[in-house]
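Structure record follows, encoded as structure tokens.
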Protein chains: 2
Amino acid sequence: MRTTDLLTVGEVAHRSGFAPSALRFYERQGLLQAARTAGGQRRYQRNVLRRLAFIRAARNVGLTLDEVAAALATLPEGRTPTKEDWSRLSRGWRSRLDGQIAALTKLRDGLDSCIGCGCLSLRTCSMSNPDDAVAVRGPGAAFLPAPLRTESA
Amino acid sequence: MRTTDLLTVGEVAHRSGFAPSALRFYERQGLLQAARTAGGQRRYQRNVLRRLAFIRAARNVGLTLDEVAAALATLPEGRTPTKEDWSRLSRGWRSRLDGQIAALTKLRDGLDSCIGCGCLSLRTCSMSNPDDAVAVRGPGAAFLPAPLRTESA
DNA sequence: CTGATAGTTGAAGTCAACTTCAAGTCAAGG
DNA sequence: CCTTGACTTGAAGTTGACTTCAACTATCAG
């Protein structure tokens, strides 16, 4: 193990749980920065771990990487972000989660009535049309990330 | 308007809310079937609408199309599915939704403590590691479908 | 100094669930 | 009969978040 306070990709990957390829990807997207050795290898500062924790948390809440990038861009440059900085960024998540929970609860309660009757009629059944607002558009949107859906659910 | 009891793609699309391209896609995936006119155009039976309602509901609950296809494959051949048939298929959704709601609630409650402290420490913070089980793997999994995230949340 | 281990790059691939396109064919009201 | 709008096909494109690949190169314990 080296003795500097800088971390290699492998170390950051191990400590953060992100794959090295993901770290490089995040760098390309402007979410992370890294110093380079003379040989061109990445060397991360320790605080990148907190940044990555934020990224993972935000992703768990449902933010896209673009949204995460936008949030991170509001952090002060020059100084290391304080706890208050991080706290500020995550303050809006609460209502977001509340909304998601409400939507799912509505779906579940609608399901309770549907299971009994097997109705599933278009436009009226709350399972196929909860709140008349759910009409999944566009490609590639899953309801929950696979781990939440499969393992911890 | 024609006078038969068979529906064209356009009609099914309009009544179900799915785009014609989605209907054709579902057919290729084995989720739907359609008769053909002499000229090769699709003609759907009316009960395809219930099938589509089921598909939309299942998608809202978070099932993949593969899972939906598997569920639909358990329907009896030969006879039109009864309400009990549909009811059976959707019975398992309740616990699925319960699990999703529980996961989100845990995330939110973890957030409450995190907002105060701005901790977000890796491995311990429940926001970045709810239940030590959330480590999003693989590509392309969003938390909620865009409509739920953006409009009704 | 050397060899194993870990790191580098850009380009291309993956996955789900569709959509879009081009180039044509069908159906039916007037 | 004809025109117009709806329908057909297979192939390729889209989106987000990464992963995989090939072909090197750097680092460091011994």
Under 8 Å between Cβ atoms, which residue pairs at least 6 apart in sequence (or on different chains) link something in the range A:100-116 that is under 16 Å from residue B:54 (Cβ atoms) with a partner that is modelled with pLDDT under 80 and part of a helix (DSSP H, G or I)? A:107/A:130; A:110/A:130
Considering only residues that are touching a strand residue (DSSP E or B) at 6+ places or on another chain (Cβ under 9 Å), more than 11 Å from every other protein chain (Cβ to nearest Cβ) and either at pLDDT 95 or above or more than 8 Å from DNA strand D (Cβ to nearest atom) (or both), which ones fall in the range A:1-19? A:6, A:7, A:8, A:9, A:11
Across (1) outside any helix (DSSP H, G or I); (2) within 17 Å of the chain's Cα centre (by Cα); (3) surrounded by fewer than 16 Cβ atoms within 10 Å (Cβ to Cβ), residue B:38 clears everything bar (2)
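Within the range A:84-118, which residues are assigned to a loop (DSSP other than H, G, I, E, B) and either of a type in the set (Val, Ile, Thr) or within 7 Å of chain B (Cβ to nearest Cβ) (or both)? Walk me through it before giving the result.
Narrowing the range A:84-118 to residues assigned to a loop (DSSP other than H, G, I, E, B): A:91-92, A:118.
A:91, A:118 - these are the residues of the range A:84-118 that are assigned to a loop (DSSP other than H, G, I, E, B) and either of a type in the set (Val, Ile, Thr) or within 7 Å of chain B (Cβ to nearest Cβ) (or both).
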Do we find that residue B:38 is out of contact with any strand residue (DSSP E or B) (no Cβ under 7 Å at 6 or more places or on another chain) and closer than 29 Å to residue A:108 by Cα in this structure? no
Suppose the filter is within 14 Å of chain A (Cβ to nearest Cβ), surrounded by 12 or more Cβ atoms within 10 Å (Cβ to Cβ) and within 16 Å of DNA strand D (Cβ to nearest atom); does residue B:63 pass it? no
All conditions in (1) in contact with a Gly (Cβ under 7 Å, 6 or more places away or on another chain); (2) modelled with pLDDT under 85; (3) more than 7 Å from chain B (Cβ to nearest Cβ) are true of residue A:139 except (1)
Subset of the range B:24-49 (residues that are within 14 Å of another protein chain (Cβ to nearest Cβ) and either more than 26 Å from residue B:63 (Cα to Cα) or within 8 Å of DNA strand C (Cβ to nearest atom) (or both)): B:25, B:26
Name, by its number, the condition in (1) surrounded by 16 or more Cβ atoms within 10 Å (Cβ to Cβ); (2) not in a loop (DSSP other than H, G, I, E, B) that does not hold for residue B:81. (2)
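The values are calculated or read from the model by the stated rules, or taken from the named source; none is laboratory data. Note that this is a predicted model, so its numbers are computed, not measured. Cβ sites come from the backbone with ideal geometry, for glycine too, and all protein chains shown count toward neighbours.
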